[in-house]
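Below is one structure, written out as structure tokens; the observations come after it.
Each value in this text was obtained by applying a stated rule to the coordinates, not by laboratory testing. In this text, all values refer to a predicted model and were calculated from it rather than measured experimentally. Counting neighbours? That spans all protein chains shown, and the Cβs are built from the backbone with ideal geometry, glycine included.
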Amino acid sequence: MSRGDRPPGVLEKREEAVLKALNYNRVIESAVTRKLLQHKKAALALVATVLLSLLTTVDATFAQSGFHRDLVLPDIATVDPSSPDQGSPAPTSASLTTVVAVNARVMSLVSLAARQVQMAKTGTGAQEVAREIIAVNYPKWNASQVSCLTKLWNAESHWNYKSHNRRSGAHGIAQALPATKMNSTGTDWLTNPVTQIKWGLNYVAQRYGTPCKALAHHHRVNSY
């Protein structure tokens, strides 16, 4: 039977069936797209939370050099599979590519902070971290000052962040008294030796000016 011999309406019915099939596929695709976007956005939100939490431990010394924290979660429109025709085009593959832009400087600082905390849990590592912080925050303190600081905190705690004086209550590498003074630098001072070091360096600088002056005072009265 030629096209002209077909009963009226057969061609239209076939075209309508094809359109319905295409429309059904679009509904299924929209539903899958929505689920993918929901799961992806939830995962990215979790990553953002973890990163921002880590950033709270970043060494303020290096943060002073300036950096941008760019975390971008796009505002993705929800696709309702029950309403295939919403007057807007279906999401494309490009819209499924969600970009989280995290400045490389931030990632570097997070890595540095984690490395410093782990290193400072040993005596030699704590001394190395102190030298790194001094080089940036106290550039006028030369090698002699670093040597005085080493002797001072050797006498106080042997650079042990868990060191605690049961009689006085002094605690940490710098033997803060009371220990809660270190809250001014960070509330994690009990477990974070870097917080203790930063507080101790600031204490020495504010009260004595230099580690050698603090050490001289310690020699006279056995405390500083």
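Only Lys, Arg, Asp and Glu count, each charged at its Cβ (+1, +1, -1, -1), so figure out the dipole size of segment 143-224 about its Cα centre, rounded to 20 debye.
200
A176's amide H: which non-local residues (gap 5+, or another chain) put their own amide H closer than 5 Å, with H modeled 1.01 Å from N in plane and none for Pro or chain starts?
H171
Roughly what % of Cα-Cα distances in segment 137-224 sit above 16 Å, to the whole percent? List each step's numbers first, then the result.
Working: 1860 of 3828 pairs.
Everything past 16 Å amounts to 49 percent.
Quickly rank 152-164, 211-223 as a protection proxy: mean count of other C-beta atoms within 10 Å, highest first.
Ranking, from highest mean packing down: 152-164, 211-223.
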